[in-house]
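Down below is the structure, laid out as structure tokens.
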Ligand code: NDP
């Protein structure tokens, strides 16, 4: 069987495109690595998505998932290992099976950027990339959050309710996060914001027990049992076996129809080369990509 559209990625962008293609009667299959919702599902408070003053990312994206299912989208849970172009369609390979589709929408998002230290040693043993997933393990413990964007401040706010003390470590004295978030964090009693600060080493035998930091050129040791890394995301298109035009950072270049350099491949959401990445813009991209597949 050849599907009309295969959507790779079940975050807000992918789910939005599924809603559009499925409602238009296109037989749509969506591949999701783990759980639907993408990065947005890990956000515990989204306050800038129209119609909701405040909603958790999990609830918001789950509503999108339910809607896509109701519209008739087929979902496959598993990693897409390879995307290839055949003569008349595309082949999508997962660990278990292969699938074929006439058109592709890539909505595979991004993966967390790493610090470039020995993070692997402490994965699940003190290092985390998701506060709402792992925060509960650090009840009444001292933790640090690395980064100065909205994600980092969201982590700080969330962790301040669980941990005894939260350090925010930002490499410069400028924050990318919305100023309201920064001001809110500054008022939290158990939060210390350290600027011009970078982690030099992660220390511990089996689990993380401390970090060495360089703050304003001075090295210090901080006794922390958890480090939450929130320093942005990078594209991960290892599955791609098609030549697509990418920008210098590895993001997919699309036109106003979300069409890539291959006329039957569209892309949407965070994997696209663009400057404003929010849930609402991912949904808009997804709607456009879906509509383009319909022929709109
Ligand atoms: P951002 O790209 O906004 O911020 C990344 C942060 O990490 C910056 O402070 C950056 O520092 C720092 N950084 C990057 N590389 C390193 C490194 N190697 N070592 C130390 N620090 C580093 O990423 P976010 O994930 O915070 O946000 C991404 C997008 O998602 C944004 O548009 C944001 O607004 C949005 N978002 C919205 C939320 C919501 O509305 N609920 C929640 C979370 C995110 P520098 O500034 O020096 O480069």
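The values are calculated or read from the model by the stated rules, or taken from the named source; none is laboratory data. The model shown is predicted, which means the values in this text are computed figures rather than measured ones. Here the Cβ positions follow ideal geometry from the backbone for every residue, glycine too, while neighbour counts run over all protein chains shown.
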Next on the checklist: Condition first: assigned to a strand (DSSP E or B) and either within 17 Å of the chain's Cα centre (by Cα) or free of Cβ contacts under 8 Å to residues at least 12 places away in the same chain (or both). Can you find one or more residues in region 3-20 that meet it?
Outcome noted: yes
Checklist entry - Do we have residue 163 as modelled with pLDDT of 95 or more, closer than 24 Å to residue 55 by Cα, near the ligand (Cβ under 10 Å from one of its atoms) and not in a strand (DSSP E or B) here? => result no
Item to check | In region 215-245, the residues that are farther than 30 Å from residue 81 by Cβ and buried (at least 16 other Cβ atoms within 10 Å of the Cβ) | outcome: 222, 224, 225, 226, 227
Next on the checklist: Consider region 89-132. How many of its residues are part of a strand (DSSP E or B), away from the ligand (no atom under 16 Å from the Cβ) and more than 23 Å from residue 267 (Cβ to Cβ)?
Outcome noted: 1
Checklist entry - In region 139-166, which residues are surrounded by fewer than 23 Cβ atoms within 10 Å (Cβ to Cβ) and over 20 Å from the mean Cα position of the chain (by Cα)? => result 139, 140, 141, 142, 160, 161, 162, 164, 165
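Has region 59-70 got any residue that is within 24 Å of residue 190 (Cβ to Cβ), in contact with a strand residue (DSSP E or B) (Cβ under 7 Å, 6 or more places away or on another chain), touching a residue at least 12 places away in the same chain (Cβ under 8 Å) and within 14 Å of the ligand (Cβ to nearest atom)? Spell out the reasoning first.
Taking region 59-70 first, the residues within 24 Å of residue 190 (Cβ to Cβ) are none.
No, because not a single residue in region 59-70 is within 24 Å of residue 190 (Cβ to Cβ), in contact with a strand residue (DSSP E or B) (Cβ under 7 Å, 6 or more places away or on another chain), touching a residue at least 12 places away in the same chain (Cβ under 8 Å) and within 14 Å of the ligand (Cβ to nearest atom).
Kindly evaluate residue 168 against the criterion of being touching a residue at least 40 places away in the same chain (Cβ under 8 Å) and within 16 Å of the ligand (Cβ to nearest atom).
Working: touching a residue at least 40 places away in the same chain (Cβ under 8 Å): no; within 16 Å of the ligand (Cβ to nearest atom): yes.
When the stated conditions are applied, residue 168 does not pass them.
Tell me which strands (runs of 3 or more DSSP E) are completely within region 194-263 and hold 3 or more residues being farther than 19 Å from residue 282 by Cβ and touching a helix residue (DSSP H, G or I) at 6+ places or on another chain (Cβ under 8 Å), or say none if there are none.
Details: elements: 197-203, 210-215, 218-222, 226-229, 233-235.
Hits in region 194-263: 226-229.
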Item to check | Members of region 133-156 found to be within 14 Å of residue 195 (Cβ to Cβ) and part of a helix (DSSP H, G or I), listed by number | outcome: 152, 153, 156
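For region 264-296, what are the residues that are under 30 Å from residue 178 (Cβ atoms), in a strand (DSSP E or B) and away from the ligand (no atom under 16 Å from the Cβ)?
267
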